[in-house]
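Colleague: Mind having a look at this structure? Questions to follow.
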Amino acid sequence: MRTHRPASSLIDRLVYDDAAHTLLVTFRAGRRYLYRDVPPSIYDALVAAPSAGRYFNAEVRDRFDGAAADGRRRYPLDERAA
């Protein structure tokens, strides 16, 4: 398990599980999301990025399956509309 606290106005903490390939992102607003099937190279690039928030938005947010860490789906309104 690897953790990182980026100097970011968006992200408070990152926790990466190498064995499970999961990324837990805690946002400054308090919400936590778990992303699955995230390669280690993506986590490494996120940690090294000059702007963690910008990298997260471009390379993680809509590219990996994510769910609120409290068990709620990420886009609950989209599921009801389907």
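Rule-based calculations on the coordinates, nothing more; no lab input. This structure is a prediction, so every number in the text was calculated from the model and none was measured. In this analysis, Cβ positions are derived from the backbone assuming ideal geometry, glycine residues included, and neighbour counts consider all displayed protein chains.
Colleague: Please state the charge dipole magnitude for the stretch 2-73, taken about the Cα centre, from unit charges on C-beta atoms (+1 on K and R, -1 on D and E), reported in debye and rounded to the nearest 20. Please report the intermediate quantities before stating the final value.
Modeller: Details: 12 positive and 9 negative charges, 68 e Å.
That gives the stretch 2-73 a dipole magnitude of about 320 debye.
Colleague: Taking P(r) over Cα pairs in 10 Å bins from 0, in percent as the quantity of interest, determine which of (1) 17, 29, 21, 16, 9, 5, 2, 0; (2) 18, 56, 25, 0; (3) 18, 54, 23, 4 was computed from the displayed structure.
Modeller: (3)
Colleague: Then there's this: Hey, rough spin-label estimate for THR26 and ASN57, points 7 angstrom out along Cα→Cβ, what's it come to in nanometres?
Modeller: Between THR26 and ASN57, the label points sit 2.3 nm apart.
Colleague: Which residue, ALA58, LEU46, ALA29, has the largest displacement toward the positive end of the dipole of the chain when charges sit on each Cβ (Lys, Arg +1; Asp, Glu -1)?
Modeller: Of ALA58, LEU46, ALA29, it is ALA29.
Colleague: Could you work out the longest stretch of the chain that avoids the trypsin sites (Lys or Arg not before Pro) located in DSSP loops with at most 16 other Cβ atoms within 10 Å? Display every interim value, and only then the final one.
Modeller: Values: sites that count: ARG28, ARG31, ARG36, ARG61, ARG63, ARG72, ARG74.
Answer from the scan: 1-27.
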